[in-house]
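See below for the structure under consideration.
Every read-out reported here was derived from the displayed coordinates using simple, explicitly stated rules and does not represent laboratory data. Keep in mind the model is a prediction, meaning the values are calculated, not measured. Neighbour counts are summed over all protein chains in view; Cβ atoms, including those assigned to glycine, are modelled from backbone coordinates with ideal geometry.
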Amino acid sequence: MINLTPHAIVIRRADGDWTLPASGTVARVTMAEYDAPAIAGVPVVTRQAGHVTGLARDAAGLPLPCLVSAMVLAALPTGTPNVYAPDTGATAIRNAAGQVVAVTRLVAA
């Protein structure tokens, strides 16, 4: 599995931790911004996800098995094969400062 995030991801499994180092390529999603009505004089924008870049693909154009950020995953069509994000929800393992140090499962597109 190719890690397309900017940092190593640790997956805690029953047989020990599996660390996926950053590959050096980062999958990204473009964002369009639109002005919205201001609130109490504070400018407001809305954002809409656009095109995803940086996915590694096979000869048929399908993504290779890869790990991306939750934001990138959310911008892909549901059911996109081979693309996952770390599940940083309730099952994630956090340090005393609340930072995720490992995940125990992945989220599929």
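Restricting attention to segment 58-71, the residues that are touching a strand residue (DSSP E or B) at 6+ places or on another chain (Cβ under 6 Å), free of Cβ contacts under 8 Å to residues at least 60 places away in the same chain and not in a helix (DSSP H, G or I) total 1.
Annotation: of all residues in segment 72-92 being surrounded by 17 or more Cβ atoms within 10 Å (Cβ to Cβ) and assigned to a helix (DSSP H, G or I), the one that is farthest from the chain's Cα centre (by Cα) is ALA75.
Test ALA27 against the criterion of being more than 24 Å from ALA14 (Cα to Cα) and in contact with a Gly (Cβ under 9 Å, 6 or more places away or on another chain), and give yes or no. Answer is yes for this residue. Of all residues in segment 93-109, those being part of a strand (DSSP E or B) and exposed (fewer than 12 other Cβ atoms within 10 Å of the Cβ) number 1.
Exactly one residue out of THR53, THR19, THR46 is in contact with a strand residue (DSSP E or B) (Cβ under 6 Å, 6 or more places away or on another chain) and surrounded by fewer than 10 Cβ atoms within 10 Å (Cβ to Cβ): that is THR46.
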